[in-house]
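The values are calculated or read from the model by the stated rules, or taken from the named source; none is laboratory data. Computed from a prediction, not measured in an experiment: that's the story for all the values here. Cβ placement follows ideal geometry from the backbone for every residue including glycine, while neighbour counts extend to all protein chains displayed. Ligands, DNA and RNA are excluded from the accessible area calculation, which covers all protein heavy atoms including side chains. Shrake-Rupley method; radii C 1.70, N 1.55, O 1.52, S 1.80 Å.
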Amino acid sequence: MGVMIGLEVHCQLNTESKLFCGDSSDHRGKEPNECTCPICLGYPGSKPVINKKAIEHGMRIAMALSCRIADEMFFSRKTYFYPDMSKNYQITQYEIPLCSNGYLTVGELKVRIRRVHIEEDPARLQHVGGDITNAEYTLIDYNRSGIALAEIVTEPDFTTPKQARQFLEILLSILEHLGVYDSEKEATIRCDANISLDGGERVEVKNITGFENVEKALNFEIIRQNGMKRMEVVVQRETRHFDAEAGNTKSLRKKEYEEDYGYIFDPDLPTIRVTAGWLESIKKTQPELPDQRVLRFVKDYKIGDYDAHVLVYTDKNLADFYELCCRKYGKPEVVAKWTMNYLLKSLNWRRERINNSKVRIDTFVEFLRLIESGKITERFAKELIKEYVDTGESPAMLAEKGAQELSDSDLDVVVEKVLQENRKAADEFRSGKEDALKFLIGRALAATQKRADPNRLRDMLLKHLNASIAQ
Amino acid sequence: MVSLIRSLVKEHLERLAAGDVNLDDFAPRVIEKARSMQGRYSAFITINERLASEKTPKQQMKLPFSVKDNICTRGLRTTAGSKILDNYVPPFDATAVHQIKNAGGFVIGKTAMDEFGFGTFSTNCAYGAPKNPIDPSRVCGGSSGGAACVAAAAEFPHIAIAQSTGGSITAPAAFTGTVGMTPTYGRVSRWGLIDYANSMDRIGVIGKCVYDAALGLSMIAGYDPLDSTSLNAQKTDYTTLIGGDIRKLRIGVPKEYFNGDGSAVVKKNALDLLQRLERFGVVWEEISLPYTKYAISAYYLIALAEASTNLAKFSGLRYGMEGDLDGNYEEYFADLRGRSFGEEAKRRIILGTYARMSGYRDAYYIKALKVRAKIIAEFKGAFARVDAIATPSMPIIAPRFDDVEKLSPIDAYGMDRMTVPANLAGLPTISVPSGSEGGMPTGVQFIADHERDGMLIALAGACEA
């Protein structure tokens with residue numbers, strides 16, 4: 001049987017207001033509990049009113065995952081007592097989800113999507129003086145309470161943690177391209193992962209944030225459960241919590257039976273009918289999906305399939321940036337080369353994403369033009385880009401600063417020093433071995449932190465070498 | 001046709017129009033009267049003592065209203081009859097309250113009720129049971145008992161905003177000899193109503209006469225985007241329909257409502273009233289509604305399933321009763337709820353939770369929903385033939401407090417058998433006095449098809465002529 005992994009992905013939807021009230025979903029820079037009202041606080045007498053936009057976002061996800069969308073849908077109350085729930089029930093979809101029976105292809109693997117439904121996010125809990133199991137006390141921030149979530153549930157089709165992670169990365173790109181998810185609004189994607197080994201009981205790891213952590217948590221579980229098997233301990237059905245700092249999972253509660261949420265239909269919310277016209281209007285305005293975008297990049301920009309994949313799937317904003325640069329600068333292959341290799345490398349090194357970095361389209365195009373005009377060498381450009389990503393300053397100015405610092409007399413010193421330190425190579429050159437010059441140029445270039453033009457260094461080296469021969 | 005019943009409200013409005021009312025001391029004098037009434041009948045949970053300090057100019061406080069205590073009033077304590085909301089002061093007005101305030105109404109107080117509406121007699125009360133003004137040894141009926149009590153006892157112009165889930169307007173109206181109008185589900189916004197069973201909860205009115213009820217309904221009805229189940233209908237002045245043509249209206253008399261137990265006098269009074277209506281050209285015939293016998297079971301399963309989720313939010317965290325922060329979350333709220341809910345509330349939470357637990361859900365909750373659909377279909381079938389259905393409002397006259405105590409919960413639930421079917425179906429009903437039995441009033445209830453509230457007002461108006 002091997003490893004069977006299934007995922008439940010909770011994605012905060014990019015709607016201006018919450019799922020059932022007018023409060024803002026965007027609580028960047030807000031005080032805790034500032035974006036709240038009687039509805040999302042569950043005050044007596046308040047009633048929910050559905051935000052149609054959230055349903056439409058759900059429909060877009062459904063279409064992207066080739067799901068069947070229900071003709072009629074309604075909401076239910078899932079009842080359980082927990083301090084993050086303002087009403088002690090969550091408004092969610094139970095019997096009939098927004099859509100079901102879809103799939104998403106990850107490389108060779110066709111991952112079946114069981115269902116996607118819309119529900120409200122609970123409040124955020126902040127455990128003080130410990131973690132969820134032993135905190136001294138817990139603070140509640142209802143800013144998150146009532147934000148629209150899409151829950152995407154897969155069948156247990158993954159056999160490795162890595163596949164699960166790859167699935168999540170592709171899914172994220174789809175959600176970003178659909179415009180239903182915006183990571184810049186501090187929106188989150190949280191995951192529950194269930195895993196069973198060799199047909200054993202299913203263990204659920206709850207509330208994992210970050211795709212890297214999903215892979216880590218699952219790897220930990222495989223090791224843990226295999227260890228139990230070796231000790232002949234039976235794996236029990238249970239819910240576990242992933243501790244990202246410790247990198248391990250802890251038991252939250254044994255699950256001897258399916259939890260009983262006592263679902264009823266939410267009588268405050270009438271049935272929503274999905275008409276053909278409504279579906280058509282969503283379909284017509286469905287944005288380009290990442291796989292379509294890759295094909296277009298290959299076709300229109302004449303770049304390689306791999307390059308297109310990197311540009312599109314790394315971060316939707318990076319792909320947008322790439323396209324805007326192409327529009328401004330032309331030469332899509334050149335833009336691709338510099339964007340996906342050197343720019344991305346510098347961003348990754350700084351752990352930044354394009355939209356929260358100092359990189360701007362204008363200055364990046366300026367950078368590309370510097371290379372094109374020959375004002376800077378490619379070699380120097382590869383160094384310059386780091387400084388540019390660090391500071392965001394004009395590449396032309398940065399280049400000028402760099403060039404100014406290396407006057408002819410500066411280079412004289414450098415070249416002289418290189419020849420002193422590499423006498424053997426210098427002698428070899430003098431005795432006719434042309435390759436030795438390349439070596440010396442490389443040394444000199446390194447000595448200038450690659451700022452100097454190699455052609456200039458070559459001339460300078462020859463001048464010095466010839467001078468010494470003449471002596 | 002001229003109504004034989006005096007409307008204090010109508011006379012007051014006429015005096016207002018003529019400039020004969022001194023509004024500077026009108027509201028305070030009404031509050032004073034409410035206070036003295038409270039001593040005799042315990043009709044209020046809270047009297048609006050803050051009225052004097054309210055910002056609204058006295059000149060705009062023209063018509064007194066009482067509001068059932070499960071309807072939110074901004075700045076005025078609202079308990080829904082429960083200790084768990086003992087100190088709760090809502091930050092917003094219910095839409096119905098907002099509308100009466102905008103139309104020159106003012107709130108004299110919050111009326112007594114069974115805790116969260118859980119009762120037929122207004123005896124499951126955390127703040128004292130209201131007494132029947134006609135015989136204070138008897139109950140007012142429930143759960144809008146305080147509302148009917150004020151409507152019956154007030155010697156000043158007044159309209160009571162009441163609320164029904166399974167018959168909580170009809171029952172107290174019948175027991176106190178007042179008129180209770182329960183409009184079509186959705187006609188009056190539920191925004192600001194503290195939920196019992198959302199799929200049945202309706203805000204309505206109780207008045208001394210049909211005019212008062214019609215005026216009250218005209219003021220509070222209307223579409224409200226804050227309530228997703230609100231009916232998108234035109235505003236109507238229902239008072240203009242009183243005295244309208246009711247010739248050829250066909251009234252169905254369902255035998256299932258007249259055959260069973262209950263007072264023979266109550267039944268006879270209802271039939272006698274129908275005979276009196278014949279002089280206006282109304283015709284009536286016997287009909288049969290066989291699903292009626294399943295209504296009580298279906299009602300209690302659905303209503304309590306919904307109620308048990310609605311009451312989950314009361315956990316002493318954000319509003320209402322608070323306890324000492326001892327123990328963990330579960331210990332905290334279990335202790336607080338254990339101390340603050342009354343016996344009937346606990347019974348209904350347990351029953352409602354049971355009905356929706358996996359393993360029982362299909363047999364109880366889901367099946368009850370199917371029965372409900374059958375009952376609605378049966379009513380719809382009847383309304384293809386008749387315009388209205390007439391039944392006794394309650395099987396009996398208002399019982400004495402000590403007799404109510406002797407009833408088992410099942411017997412008490414059975415008292416709702418006249419009112420529950422129409423409430424399951426969201427149909428408009430009106431209860432009007434039909435006569436008396438031993439000095440106590442009896443009531444007749446008319447049920448109409450959805451959105452035919454206006455026809456009911458006309459029919460009820462004729463009962464007063």
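A few notes on this one:
- Segment A:41-80 - residue that is in a loop (DSSP other than H, G, I, E, B) and within 29 Å of the chain's Cα centre (by Cα) and, of those, surrounded by the most Cβ atoms within 10 Å (Cβ to Cβ): A:67
- Any hit, segment A:106-123, residues being in a loop (DSSP other than H, G, I, E, B), more than 14 Å from every other protein chain (Cβ to nearest Cβ) and closer than 18 Å to residue A:149 by Cα: yes
- Within segment B:231-254, the set of residues being surrounded by fewer than 21 Cβ atoms within 10 Å (Cβ to Cβ) and over 22 Å from residue B:283 (Cβ atoms) comprises B:231, B:232, B:233, B:234, B:235, B:236, B:237, B:240.
- Residue A:83 in the same structural domain as residue A:27 (by TED's automatic domain parsing), modelled with pLDDT under 95 and not in a strand (DSSP E or B): yes
- Checked against (1) within 12 Å of chain A (Cβ to nearest Cβ); (2) more than 24 Å from the chain's Cα centre (by Cα), residue B:311 passes all but condition (2).
- Residue A:27 vs. criteria touching a residue at least 40 places away in the same chain (Cβ under 8 Å), more than 14 Å from chain B (Cβ to nearest Cβ) and open to solvent by 30 Å² or more (accessible area, probe 1.4 Å): yes
- Subset of segment A:179-222 [outside any strand (DSSP E or B) and buried (at least 22 other Cβ atoms within 10 Å of the Cβ)]: A:180, A:181, A:214, A:217, A:218, A:221
- Within segment B:402-411, being in a helix (DSSP H, G or I) and open to solvent by less than 50 Å² (accessible area, probe 1.4 Å) holds for one residue alone: B:404.
- Residue in segment B:188-232 that is farthest from the other protein chains (Cβ to nearest Cβ), counting only those that are among the aromatic types (Phe, Trp, Tyr) and under 30 Å from residue B:352 (Cα atoms): B:196
- Extreme residue, surrounded by the fewest Cβ atoms within 10 Å (Cβ to Cβ), among residues of segment B:346-368 that are facing chain A (nearest Cβ under 9 Å) and not in a helix (DSSP H, G or I): B:359
- Against the criterion of being in contact (Cβ under 8 Å) with a residue 40 or more places away in the chain, closer than 30 Å to residue B:372 by Cβ and more than 14 Å from chain B (Cβ to nearest Cβ), residue A:274 qualifies.
Listed here are the residues, each with its yes/no results for (1) of a type in the set (Val, Ile, Thr); (2) crowded, with 21+ Cβ neighbours inside 10 Å; (3) within 13 Å of chain A (Cβ to nearest Cβ).
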residue	(1), (2), (3)
B:344	no, no, no
B:386	yes, yes, no
B:399	no, yes, no
B:418	no, yes, no
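The rows are residues; the columns are (1) within 20 Å of the chain's Cα centre (by Cα); (2) of a type outside the set (S, T, N, Q).
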| site | (1), (2) |
| --- | --- |
| B:32 | no, yes |
| B:36 | no, no |
| B:42 | yes, no |
| B:50 | no, yes |
| B:54 | no, yes |
| B:66 | yes, no |
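- Qualifying positions in segment B:314-335 - within 12 Å of another protein chain (Cβ to nearest Cβ), in a helix (DSSP H, G or I) and modelled with pLDDT of 90 or more: B:331, B:332, B:333, B:334
- Any chance residue B:372 is open to solvent by 10 Å² or more (accessible area, probe 1.4 Å), assigned to a loop (DSSP other than H, G, I, E, B) and modelled with pLDDT of 95 or more: no
- Within segment A:123-159, restricting attention to residues that are of a type in the set (A, V, I, L, M) and under 15 Å from residue A:40 (Cβ atoms), the residue that is most open to solvent (accessible area, probe 1.4 Å) is A:140.
- For segment A:268-312, the set of residues classified as farther than 30 Å from residue A:51 by Cα and of a type in the set (Ser, Thr, Tyr) consists of A:301, A:306, listed by residue number.
- Yes/no for residue A:162 being of a type in the set (Lys, Arg), modelled with pLDDT of 95 or more and open to solvent by 40 Å² or more (accessible area, probe 1.4 Å): yes
- Residue in segment A:59-75 that is within 14 Å of another protein chain (Cβ to nearest Cβ), closer than 30 Å to residue B:328 by Cα and at pLDDT 95 or above present: no
- Consider segment B:164-202 and keep the residues that are farther than 23 Å from residue B:222 by Cβ and in a loop (DSSP other than H, G, I, E, B). The one that is most open to solvent (accessible area, probe 1.4 Å) is B:177.
- Breaking point among (1) surrounded by fewer than 18 Cβ atoms within 10 Å (Cβ to Cβ); (2) assigned to a helix (DSSP H, G or I); (3) more than 9 Å from chain A (Cβ to nearest Cβ), for residue B:257: (1)
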